[in-house]
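Some notes on the structure that comes next.
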Amino acid sequence: MGKGLYIEDKDKTGLLHFWKIRMGRTGKFHINVYIWKTSEDMYRNAFPGGLEEQDFVGCYIGYPDRKKTVGKFGEIHIIEEYAGAAVVVHEFEHALLDWTQHTYKVVNSQNHEKICHVMSDMNHMFWKRYYRYEVKNVVK
């Protein structure tokens, strides 16, 4: 995560899916989720020349110019072949931990349940959109 890894203008070659996912049902922040056709497509748009060994299947990058209470918070990039529940929730967890630090500074018993609800809502919104796309595009 960091400004050095963030790319404002994406090369959309190989982009299969794109969604804005709110951070919680009433969240004022959102993350952009990109599903890429190949690892090369993802690496080119997430870490161009930024890592020596590029052997990951998904990543979260915090938006470096985020506002204090609203707007784009970050991005998640995933290679389509690995776009399953484990990878998606893993990357959501990175976003959620970043959001928690930004919003609450510390996790305690008073905000613990809110944090869990935000994760549930993000997960629900992603899979609802993902399966809506998959059902519409089934080859018969």
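The numbers here are math on the coordinates, done by the rules we state, and not lab data. All values derive from a computational prediction rather than experimental measurement. Glycine gets a Cβ as well: all are built from the backbone with ideal geometry, and neighbour counts include every protein chain shown.
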What percent antiparallel are the DSSP beta bridges of the stretch 3-136, to the nearest 5?
-> 60 percent
In a shell of Cβ-Cβ distance under 11 Å around LYS10, excluding LYS10 itself, what net charge do Lys and Arg (+1) and Asp and Glu (-1) give?
-> -3
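Provide the net charge surrounding ALA95, with neighbours chosen by a C-beta distance below 13 Å and charges set as Lys +1, Arg +1, Asp -1, Glu -1. All intermediate terms of the calculation are to be shown ahead of the outcome.
Working: positive: LYS20, ARG22, ARG66, LYS72; negative: GLU75, GLU91, GLU93, ASP98, ASP121.
Surrounding charge for ALA95 is -1.
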Simple SL model, points at 7 angstrom along Cα→Cβ for LYS114 and GLU80; separation in nm is 3.9 nm
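Tell me, in nm to one decimal, what length is gained between THR69 and ASP9 on full extension, where the rule is 0.36 nm per residue of separation less the Cα-Cα distance? Before the final figure, lay out the partial values.
Details: separation 60, 0.36 × 60 = 21.60 nm, distance 2.35 nm.
That works out to 19.3 nm of additional length.
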Trypsin sites (Lys or Arg not before Pro) lying in DSSP loop within the stretch 91-128, provided at most 11 other Cβ fall within 10 Å | LYS105
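Helix by helix, which DSSP H runs in the chain go 15 Å or more along their axis at the Cα atoms and have an average Kyte-Doolittle hydropathy of -1.0 or more? Write down the numbers at each step before the final one.
Details: long enough: 85-103 (26 Å, 0.13); 112-136 (37 Å, -1.04).
What comes out of the filter, once short or polar helices are dropped, is 85-103.
Let me have the 222 nm mean residue ellipticity of the chain computed from DSSP H runs of 4+ only, each contributing -39500 (n - 2.57), with the sum over all residues rounded to the nearest 500. If you can, show how the numbers build up before the last one.
Values: 3 runs with 52 residues, N = 140.
Result for the chain: -12500 deg cm²/dmol, rounded to the nearest 500.
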Within a Cβ distance under 14 Å of MET119, other residues only, what is the Lys/Arg minus Asp/Glu net charge?
-> -2
